[in-house]
Structure formats: structure tokens, C-alpha cells
Amino acid sequence: MAPRQQRDDREESEFVDKLVHINRVAKVVKGGRRFGFAALVVVGDQKGRVGFGHGKAREVPEAIRKASEAAKREMIFVPLRDGRTLHHDLKGRHGAGKVVLRAAPPGTGIIAGGPMRAVFETVGMSDVVAKSIGTSNPYNMVRATFDALKKQMHPRDIAAQRGIKYSTLQARRRDLVGTEE
């Protein structure tokens, strides 16, 4: 096996891909209709990296392959708290699709609709509460979810912006959490 082939196999194994939506589309031509397929796929490494892609082809497997390749090219990194949830609540929007994402305590699980659930599973989140408001179009829901995830900031980045120490920010958070209980 060539070295390039081995590297491609290893890259394939580190990513998990989920088929979110498949759509049959028709093109009307002189002899009748030509059918094709459009696929929406979410790809992630379950450690914070995730991407989505759209692929179109005459056959379903080819459309899924194209979508997976597109998703791997457009990956983003999402900082996770304790490797399981968000650092803070988020809102995202794309077109008529609006989503609200909330951090959740351990053991909550993924409480989210279909397209958003696929994103959270591939990014590696295990506790999150999400609500889709507006459209149920899977493309817009996924794009709105990605819009929200791009806004996610790690507390270290926030501390750096404010010019304070990370430990000071964490101490303030513990004080706030302690008063709520």
C-alpha cells in the first residue's frame, strides 16, 4: 500500500459522518425526467471539530461522498467544556432558521431535533439542550447551528479580551454558580 493511501485511510477513520438529509431532484429534458440526488452530510472527529457539506450527483452514494469531502474542507473548531457541553448559551440564525443552544448539566443528554442532533453527535457533545425556532428545513437548521457554534468562545479567550486572568474569571463563575443553588 502506498504511503499516501495509508494516510487517507487513517484520516477517514478519525472522522464520523452522519447523513442528515437526502433529496431527490428532477430535471425535465426532452425524453422525460432525469433524476439526481442532493445530500447534506455532517462530519466531525467527536473532539470539537465539525463541518457540513452538500453534494449533488446522479447516484446516492456519489452524492454522499461529494458532501463528505465538502464537509471535511469546511471544518470549524468548537471549544467544549469538560469535553461534553457548551461554555455558554448561544443563538444562531440563517435565513428563517433560528436556533437556541443551551449548556446542560452532566447526564442531560442531547435534547435536540434531527439535523441539530447530528451536528452535536459529530462534534462530540454529550449534554446540550437545543431548540429550533422558525423553519424545519434541514439545510437552514444546520447552517443556523453552525452560526451559533462559531460564536462559542472559550473562557480563556474572554479573559484575554477583558485583560484579566483566567483563574479570576473561573473564580467569579464559581461564585455565581454557588449563589444559584
Among (1) surrounded by 15 or more Cβ atoms within 10 Å (Cβ to Cβ); (2) touching a Gly at 6+ places or on another chain (Cβ under 8 Å); (3) over 16 Å from Gly44 (Cα atoms); (4) among the basic types (Lys, Arg), Arg143 falls short only on (3)
Can you spot a residue in segment 13-23 that is modelled with pLDDT under 95, in contact with an Asp or Glu (Cβ under 9 Å, 6 or more places away or on another chain), crowded, with 17+ Cβ neighbours inside 10 Å and in a loop (DSSP other than H, G, I, E, B)?
yes
Could you list, in sequence order, the residues of segment 66-101 that are in contact with an Asp or Glu (Cβ under 8 Å, 6 or more places away or on another chain), within 13 Å of Val142 (Cβ to Cβ) and either open to solvent by 60 Å² or more (accessible area, probe 1.4 Å) or assigned to a loop (DSSP other than H, G, I, E, B) (or both)?
Arg93, His94
Could you go through segment 96-106 and let me know if any residue there is of a type in the set (Gly, Ala, Ser) and either under 14 Å from the mean Cα position of the chain (by Cα) or on the phi > 0 side of the Ramachandran plot (or both).
no
Taking segment 113-139, which residues are in a loop (DSSP other than H, G, I, E, B), under 25 Å from Pro79 (Cβ atoms) and out of contact with any Ser or Thr (no Cβ under 9 Å at 6 or more places or on another chain)?
Gly124
Applying the selection to segment 111-166, what residues are touching a Lys or Arg at 6+ places or on another chain (Cβ under 7 Å) and of a type in the set (Phe, Trp, Tyr)?
Tyr166
Of the residues in segment 140-175 that are in contact (Cβ under 8 Å) with a residue 60 or more places away in the chain and in a loop (DSSP other than H, G, I, E, B), the one that is farthest from Gly51 (Cα to Cα) is His154
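The values are calculated or read from the model by the stated rules, or taken from the named source; none is laboratory data. It should be emphasised that the depicted structure is a prediction, and the values quoted were computed from it without experimental measurement. Glycine gets a Cβ as well: all are built from the backbone with ideal geometry, and neighbour counts include every protein chain shown. When the accessible area is computed, the model is the full protein with side chains, heavy atoms only, and any ligands, DNA or RNA have been set aside. Shrake-Rupley method; radii C 1.70, N 1.55, O 1.52, S 1.80 Å.
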